[in-house]
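Just so you know, all these numbers are worked out from the coordinates, no wet-lab data involved. This one's a predicted model, so the numbers in the text were calculated from it and none came from an experiment. Reconstructed Cβ throughout: ideal geometry from the backbone, glycine too, with neighbour counts over all protein chains shown.
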Amino acid sequence: MSLSRLRSIASGAAALYIILVLLGILPNPLSVHLFGKTNTMNTSSSQQWFGLSAKQMDGSTLPIESLRGRVVLVVNVASRCGFTPQYKQLQELHDRYGDKGLTILAFPCNQFGGQEPGSDSEVLQFCSTNYGVTFPVMSKVQVNGAEADPIYEYLKKQSPGVLGSESIKWNFTKFLVDPQGNVITRYASTTSPSDIAKDIEKLLPNQLTEKL
């Protein structure tokens, strides 16, 4: 095979890789993890996080302030997505770390391929029946566009994706927030919840070292 042909193949592969990262299908290699380092986010930004609230499926409001001191993993979920089985690993994280300082907040969203068309009650029945979900599942929201939920507007601004793109690319994008309200990083849909366990452990009050 000629050198020019090899260069052409390599160029095409690189272009495909960049496209998949931009779409959020592959994780962003440039994502900076701040674990073990001093987070430089200013106090006003973290206080903005604690000033937000989420609408629960029963119509009540969950103040984010009530999660102060806890690690929070925020995930936009869908019932008919190829990544839907991640519910199982999310529940495993909840079972292992829920009483040690982790809160998982799931936000159903129908903006990606129409893969979450059901009502709040249908969504809750689906995830509890099929995956035994007991962590908080919020009322359906939009995560992109003019009607995006304020929580997602905040998270996207604090932890943009590759090349500074703020938009959520697909279902099961994840954001990790530390106990002080600092948004540590975002994870692509392809990052399995079990792979986030080690990052969660570093943020928990007791710095757990055992593996999921």
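Observations
- Residue in the range 168-187 that is surrounded by fewer than 21 Cβ atoms within 10 Å (Cβ to Cβ), free of Cβ contacts under 8 Å to residues at least 60 places away in the same chain and either farther than 17 Å from ALA54 by Cβ or of a type in the set (Val, Ile, Thr) (or both) present: no
- Checked against the criterion of being touching a Lys or Arg at 6+ places or on another chain (Cβ under 7 Å) and under 25 Å from LYS198 (Cα atoms), the range 82-93 contains not a single residue that satisfies it.
- Of the residues making up the range 65-116, those that are closer than 15 Å to PRO179 by Cβ and either under 13 Å from the mean Cα position of the chain (by Cα) or of a type in the set (A, V, I, L, M, F, W, C) (or both) are LEU67, VAL71, VAL72, LEU73, VAL74, LEU102, THR103, ILE104, LEU105.
- Test for LYS140: is it free of Cβ contacts under 8 Å to residues at least 24 places away in the same chain and either under 29 Å from PRO205 (Cα atoms) or in contact with a Ser or Thr (Cβ under 9 Å, 6 or more places away or on another chain) (or both): no
- Matching residues, the range 119-131, being closer than 18 Å to LEU102 by Cβ and exposed (fewer than 13 other Cβ atoms within 10 Å of the Cβ): none
- Single residue of the range 150-167 satisfying the filter (under 14 Å from the mean Cα position of the chain (by Cα) and surrounded by 18 or more Cβ atoms within 10 Å (Cβ to Cβ)) that is farthest from LYS55 (Cα to Cα): GLY161
- Flag for GLY114 being surrounded by fewer than 18 Cβ atoms within 10 Å (Cβ to Cβ), touching a helix residue (DSSP H, G or I) at 6+ places or on another chain (Cβ under 9 Å) and not acidic (Asp, Glu): no
- Qualifying positions in the range 87-108 - in contact with a Phe, Trp or Tyr (Cβ under 9 Å, 6 or more places away or on another chain) and more than 15 Å from ILE200 (Cβ to Cβ): TYR87, LYS88, ALA106, PHE107
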